[in-house]
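The values are calculated or read from the model by the stated rules, or taken from the named source; none is laboratory data. Just so it is clear, the model here is predicted, and its values are computed rather than measured. Virtual Cβ from ideal backbone geometry, glycine too; neighbours counted across all protein chains shown.
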Amino acid sequence: MAGKVFVANFFALLAGIAASAPVLGETGHAAYYRGGRTASGEVSGPNGYTAAHRTLPFGTKVLVTNMSNGRSVTVRINDRGPYGRGRIIDVSTAAARELGMIGSGTARVRVDRR
């Protein structure tokens with residue numbers, strides 16, 4: 001009986017660690033968008049901190065870091081995409097401003113799930 005309790009506690013501990021630790025994500029290119037109706041049904045504006053990702057669930061928060069200048073911003077996934085070749089995420093205009101990518105339009109980024 002004690003062995004079963006130990007195993008159950010062990011897996012509960014592992015689940016807690018996995019849920020609380022950020023997941024090392026992916027690197028690639030990001031672009032930004034001005035807003036509009038999203039795949040989640042929201043109407044997104046340029047001032048929100050939101051993003052489009054192909055597979056992450058809606059509502060997931062991710063940390064996006066510009067690899068060239070080290071600037072980061074946390075955004076919430078509320079749309080699908082990007083569909084441009086080589087891009088892994090599209091961020092709102094406000095998030096792009098924080099990342100320092102307004103002038104270039106794109107940036108090489110790292111995306112970490114929070």
Output for segment 63-108, where each listed residue is among the β-branched types (Val, Ile, Thr) and surrounded by 15 or more Cβ atoms within 10 Å (Cβ to Cβ): Val64, Thr65, Val73, Val75, Ile77, Ile88, Ile89, Val91, Thr93, Thr106
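Please go through segment 25-44 and give me each residue that is in a loop (DSSP other than H, G, I, E, B) and in contact (Cβ under 8 Å) with a residue 40 or more places away in the chain, ordered by number. Give the derivation first.
Going residue by residue through segment 25-44, those that are in a loop (DSSP other than H, G, I, E, B) are 34-35, 38-42.
Selection gives Arg34, Gly35, Thr38, Ala39.
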Could you check segment 16-43 and list, in sequence order, the residues that are modelled with pLDDT under 90 and on the phi > 0 side of the Ramachandran plot? Gly35, Gly36
Can you run down the residue pairs with Cβ atoms below 8 Å, 6 or more apart or on separate chains, where the first is in segment 47-62 and closer than 16 Å to Val109 by Cβ and the partner is among the hydroxyl-bearing types (Ser, Thr, Tyr) and part of a loop (DSSP other than H, G, I, E, B)? Thr50/Thr38; Ala52/Thr38; His53/Thr60
Extreme residue, farthest from Pro82 (Cα to Cα), among residues of segment 22-54 that are of a type in the set (D, E, K, R) and within 16 Å of the chain's Cα centre (by Cα): Glu26
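Would you please name the residue that is farthest from Val43 (Cα to Cα), looking only at residues in segment 70-112 that are without any contact (Cβ under 8 Å) to a residue 12 or more places away in the chain and among the hydroxyl-bearing types (Ser, Thr, Tyr)?
Filtering segment 70-112 down to residues without any contact (Cβ under 8 Å) to a residue 12 or more places away in the chain leaves 70, 83, 85, 97, 103-104.
From the residues that got through so far, the ones that are among the hydroxyl-bearing types (Ser, Thr, Tyr) too are 83, 104.
Values: Tyr83: 19, Ser104: 25 Å.
Per the criteria, the residue is Ser104.
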